[in-house]
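Chemist: The structure's right below; bear with me while I get my questions together.
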Amino acid sequence: MKMKFFSISAVALLLFSGLNSSCTAPSPAADPTINGAGASFPYPIYNQWAYQYQRTTGVMINYQSIGSGAGIAQIKAKTIDFGASDAPLEKQELDQAGLVQFPMVIGGVAPVVNIRGLESGGLNLTGPLLADIFLGKVKNWSDPAIAAVNRNLKLPAVDVTVVHRADGAGTTWIFTNYLCKVSREWQDRVGNNKSVSWPTGVGGKGNEGVSAYVQKINGAIGYVEFAYAFENKIPCALLQNQAGKFVSPSLDSFQAAAANADWEKAPGFYMVLTDQPGENSWPITGASFILVRKDQPDPAKARAMLKFFDWCYRSGPDAAKKLYYVPIPEKVFTLVEKDWAENLRSAGKPLWP
Amino acid sequence: MKMRRKKRYRSTDVLFQYWSAFCALVIILVMAGILAELAVNSRLSLREFGFGFLVSRDWNPVTRQFGALSSIYGTLVSTAIAMLIAVPLSLVIALFLVELAPPALSKPVGFAIELLAAIPSIIFGMWGLFVLAPVMAEHVQPALKTAFGFLPLFQGPPTGIGMLTAGVILSLMILPFISAVMRDVFAMVPPVVKESAHGLGATTWEVTRKVTIRYGAQGLLGASFLGLGRAIGETMAVTFVIGNDHRISASLFAPANSIASTLANEFSEASEPLYLSALIELGLVLFIITLLIQAAARLWLRRLEKGAGVK
């Protein structure tokens, strides 16, 4: 009886310690796995690039879409190799945290609507009107303010239901940044952040949650990253840009918005692409950024990581365009790589080229 | 010979006693640890907002003003709706299974109900979003609006996403737990007691009401509190359909939020220290609410115990 008790507990202890040690034993590293985390806005394209890169070179990039805020926090805490954020950090914050920032991909945020009885003829909205809708001042789709910019559409008298993000998101940051630029009241009452106190509406979790709610609720209007609107075939509204033209979200209009940006003069590549000038520019465009430490602890891993980013710049554009992201133009990524050569070091030695 | 054998058994017993006591102590230590961790990490928010946190309706990450009232309200109201629907329904189901159903029916129905309990909560959430929400929006909510639209409870646009839908989903989730325990409680009523009531000429309904239910009142209460505990902490199912709006509305059609849904949505992106601390304080509030409900349940059960007659 006693022997049985002891022998069973001895076996259990052995098994437990055996399991424990095998879990913590380091496996011999062939190629380093590079870990990144952050924004969900560019997640589809980062995932695709990581997959393609692994197939061509065997190096594994592991990207987790946990949100811009968490990505910034983790790269600051040095728990990951690179962070991703839709909201760029200012030069001051970069210097304080010892980080280098550069843009990786450009995308657009589109307002999506679901109004039963409206043919997908394209609803026109202006910036201030969009802000008023999200402020809760325009409560019904038959409101004269909406009819004023849509003279050739017959809008049913359906209640407006605003759908926003329930979780904090870079997509919200880009969207509220635009609303602040076009509406003084929005700037005073709500502000620009990854998570705000929404005056009205329901919150969906993630771009997927917002898409789902908009599709389910008649009279809903929300905002999603363009790929989601396109993939789920949810009608987008047209927005009036700075030049006064009503444009619809597309690769061309995102590219037009990014074309005029002056990256050279931007310290730390801090650039916000909302409400850009240009005939065809889409007003709610945003770049998504990568953050890496200035001083890299592991030179081999750092070089492998930079090689991956370089591959994304040079060989990644096709995949990006398929998913409706605008790739970073060559003259900009040349500037980025120059920045790497100047600022990135490992134990004092330069890492690039 | 005999004495040596006795000693061997005794030392194993003692060892087992200590080991099991240790395991029990670990549970208490873990709970105390969780409470301590929550308290320590919400220090920043406790200092900043103090007691006002519990009564403030604000939730503004931009101006950094946080308040738990809308989350507490949402948690309590969605749980209340769930209990209002689930408890009577469970009672009826349990009675049916024990008293009225032929064995050929009670076994598969009982099995089906237990299967309902095994469905993961996120599946409930998805089902709620894709199936229940449209049904609520197109049939149930408009019907309620036409019938009871004069009450502030049923005003506003029937979007199908909001407090009412969340309450309904929660009720479906806690139904199997409550009915399973109630069924066991009813099954434990001694047949002698029921038969003597029948022998005195009572109808089935009278026996059910005056003997079975009254006999098992404590167990029924315990079952309800079990369901309550589950409903109050339920996260994913609620997050999908409650609408995630930090506002207190009188209408059940309006979106709301619960403590669990707020934590699920906002925790990973809250990188700012005060924001994070406020969220952790929300977690602390939920922990304390759960403890209070458990304490209330125990007190109520003890009162019932004192008044109980037949044992």
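The values are calculated or read from the model by the stated rules, or taken from the named source; none is laboratory data. Worth saying up front: this structure is predicted, and the values here are computed from it rather than measured. Cβ sites come from the backbone with ideal geometry, for glycine too, and all protein chains shown count toward neighbours. Ligands, DNA and RNA are stripped out before the accessible areas are found, and what is left, the full protein with its side chains, is counted by its heavy atoms. Shrake-Rupley method; radii C 1.70, N 1.55, O 1.52, S 1.80 Å.
Chemist: Please verify whether segment A:297-307 includes one or more residues that are touching a strand residue (DSSP E or B) at 6+ places or on another chain (Cβ under 6 Å), buried (at least 22 other Cβ atoms within 10 Å of the Cβ) and part of a helix (DSSP H, G or I).
Modeler: yes
Chemist: Scan segment B:250-261 residue by residue and report those that are within 11 Å of another protein chain (Cβ to nearest Cβ) and open to solvent by 10 Å² or more (accessible area, probe 1.4 Å).
Modeler: B:ALA254, B:PRO255
Chemist: Sort out which residues of segment B:175-213 are farther than 21 Å from B:ILE113 by Cα and among the acidic types (Asp, Glu), and write them in order of number.
Modeler: Across segment B:175-213, the qualifying residues are B:GLU195, B:GLU206.
Chemist: Quick one: B:TRP127 ticks every box in (1) part of a helix (DSSP H, G or I); (2) among the aromatic types (Phe, Trp, Tyr); (3) at pLDDT below 90 bar one, so which box is it?
Modeler: Evaluating B:TRP127 over (1) part of a helix (DSSP H, G or I); (2) among the aromatic types (Phe, Trp, Tyr); (3) at pLDDT below 90 leaves (3) as the failure.
Chemist: When you check B:GLU138 against the structure, is it of a type in the set (Asp, Glu), surrounded by 12 or more Cβ atoms within 10 Å (Cβ to Cβ) and either touching an Asp or Glu at 6+ places or on another chain (Cβ under 8 Å) or touching a residue at least 60 places away in the same chain (Cβ under 8 Å) (or both), yes or no?
Modeler: Against the criterion (of a type in the set (Asp, Glu), surrounded by 12 or more Cβ atoms within 10 Å (Cβ to Cβ) and either touching an Asp or Glu at 6+ places or on another chain (Cβ under 8 Å) or touching a residue at least 60 places away in the same chain (Cβ under 8 Å) (or both)), B:GLU138 does not qualify.
Chemist: Which condition breaks for B:ARG57 when tested against (1) assigned to a helix (DSSP H, G or I); (2) charged (D, E, K, R); (3) under 28 Å from B:VAL238 (Cα atoms)?
Modeler: (1)
Chemist: Counting only residues that are at pLDDT 90 or above and facing chain B (nearest Cβ under 9 Å), how many does segment A:177-195 have?
Modeler: Looking only at that region, the number is 3.
Chemist: Here is a follow-up. Pick from segment A:325-349 the residues that are of a type in the set (D, E, K, R) and within 29 Å of A:ILE284 (Cα to Cα): which of them is most open to solvent (accessible area, probe 1.4 Å)?
Modeler: Here the residue is A:LYS331.
Chemist: When segment B:262-274 is examined, which residues are found to be more than 8 Å from chain A (Cβ to nearest Cβ), in a helix (DSSP H, G or I) and surrounded by fewer than 21 Cβ atoms within 10 Å (Cβ to Cβ)?
Modeler: Within segment B:262-274, B:LEU263, B:PRO273, B:LEU274 meet the criteria.
Chemist: Go through segment B:190-203 and give me each residue that's surrounded by 13 or more Cβ atoms within 10 Å (Cβ to Cβ) and not hydrophobic (A, V, I, L, M, F, W, C).
Modeler: If the condition is that a residue be surrounded by 13 or more Cβ atoms within 10 Å (Cβ to Cβ) and not hydrophobic (A, V, I, L, M, F, W, C), then B:LYS194, B:SER196, B:HIS198 are the ones that fit.
Chemist: For A:GLY38, indicate whether it is on the phi > 0 side of the Ramachandran plot and open to solvent by 10 Å² or more (accessible area, probe 1.4 Å).
Modeler: no
Chemist: Report the residue count in segment A:60-116 for those that are assigned to a strand (DSSP E or B), small (Gly, Ala, Ser) and open to solvent by less than 40 Å² (accessible area, probe 1.4 Å). Break it down stepwise before answering.
Modeler: Filtering segment A:60-116 for residues assigned to a strand (DSSP E or B) gives A:61-65, A:82-85, A:99-114.
Remaining after also requiring small (Gly, Ala, Ser): A:65, A:83-85, A:107-108, A:110.
Applying the additional criterion that residues be open to solvent by less than 40 Å² (accessible area, probe 1.4 Å) yields A:83-85, A:107-108, A:110.
Summing the residues that are assigned to a strand (DSSP E or B), small (Gly, Ala, Ser) and open to solvent by less than 40 Å² (accessible area, probe 1.4 Å) in segment A:60-116 gives 6.
Chemist: List the pairs whose first member sits in segment B:79-93 and is surrounded by fewer than 22 Cβ atoms within 10 Å (Cβ to Cβ), whose second member is not in a helix (DSSP H, G or I), and whose Cβ atoms are under 9 Å apart, counting only residues at least 6 apart or on separate chains?
Modeler: Every condition considered, the pairs that remain are B:ILE81/B:LEU252.
Chemist: Going by what's in this entry, would B:PHE150 be described as assigned to a helix (DSSP H, G or I) and of a type in the set (Phe, Trp, Tyr)?
Modeler: no
Chemist: Could you list, in sequence order, all residues of segment B:217-239 that are within 13 Å of chain A (Cβ to nearest Cβ) and open to solvent by 10 Å² or more (accessible area, probe 1.4 Å)?
Modeler: Those that are within 13 Å of chain A (Cβ to nearest Cβ) and open to solvent by 10 Å² or more (accessible area, probe 1.4 Å): B:THR235, B:MET236.
Chemist: Can you name the number of the only condition in (1) over 22 Å from B:ALA270 (Cβ atoms); (2) of a type outside the set (Ser, Thr, Tyr); (3) more than 8 Å from every other protein chain (Cβ to nearest Cβ); (4) open to solvent by 10 Å² or more (accessible area, probe 1.4 Å) that A:GLU208 fails?
Modeler: Of the numbered conditions (1) over 22 Å from B:ALA270 (Cβ atoms); (2) of a type outside the set (Ser, Thr, Tyr); (3) more than 8 Å from every other protein chain (Cβ to nearest Cβ); (4) open to solvent by 10 Å² or more (accessible area, probe 1.4 Å), the odd one out for A:GLU208 is (1).
Chemist: Then there's this: With at pLDDT 90 or above, within 14 Å of another protein chain (Cβ to nearest Cβ) and touching an Asp or Glu at 6+ places or on another chain (Cβ under 8 Å) as the only criterion, which of A:GLY222, A:GLY201 stands out?
Modeler: A:GLY201
Chemist: Note down all Cβ pairs under 9 Å where the first residue falls in segment B:277-293 and is in a helix (DSSP H, G or I), the second is surrounded by fewer than 19 Cβ atoms within 10 Å (Cβ to Cβ) and of a type in the set (Asp, Glu), and they're at least six residues apart or on different chains.
Modeler: Short answer, once both residue conditions are applied: B:SER277/B:GLU48; B:ALA278/B:GLU48; B:ILE280/B:GLU37.
Chemist: With (1) farther than 21 Å from B:ALA237 by Cβ; (2) touching a residue at least 40 places away in the same chain (Cβ under 8 Å) as the list, and A:ASN207 as the residue in question, which single condition is left unmet?
Modeler: In the conditions (1) farther than 21 Å from B:ALA237 by Cβ; (2) touching a residue at least 40 places away in the same chain (Cβ under 8 Å), A:ASN207 misses (1) alone.
Chemist: Quick one: which of B:ILE280, B:ILE242 is within 24 Å of B:LEU38 (Cβ to Cβ), buried (at least 20 other Cβ atoms within 10 Å of the Cβ), more than 13 Å from chain A (Cβ to nearest Cβ) and at pLDDT 90 or above?
Modeler: Only one candidate passes the filter, namely B:ILE280.
Chemist: Considering only residues that are in contact with a helix residue (DSSP H, G or I) (Cβ under 7 Å, 6 or more places away or on another chain), open to solvent by 40 Å² or more (accessible area, probe 1.4 Å) and under 24 Å from A:GLY206 (Cβ atoms), which ones fall in segment A:229-267?
Modeler: Residue satisfying the conditions is A:ASN232 alone.
Chemist: For segment B:31-44, does any single residue satisfy the condition of being within 14 Å of chain A (Cβ to nearest Cβ) and either open to solvent by 80 Å² or more (accessible area, probe 1.4 Å) or over 30 Å from A:TRP198 (Cα atoms) (or both)?
Modeler: Looking for residues that are within 14 Å of chain A (Cβ to nearest Cβ) and either open to solvent by 80 Å² or more (accessible area, probe 1.4 Å) or over 30 Å from A:TRP198 (Cα atoms) (or both), one finds none in segment B:31-44, hence no.
Chemist: Another one. Looking for whichever is among the small types (Gly, Ala, Ser) and either surrounded by fewer than 18 Cβ atoms within 10 Å (Cβ to Cβ) or at positive phi (or both) here; the options are A:ALA169, A:ALA145. Which one fits?
Modeler: A:ALA145
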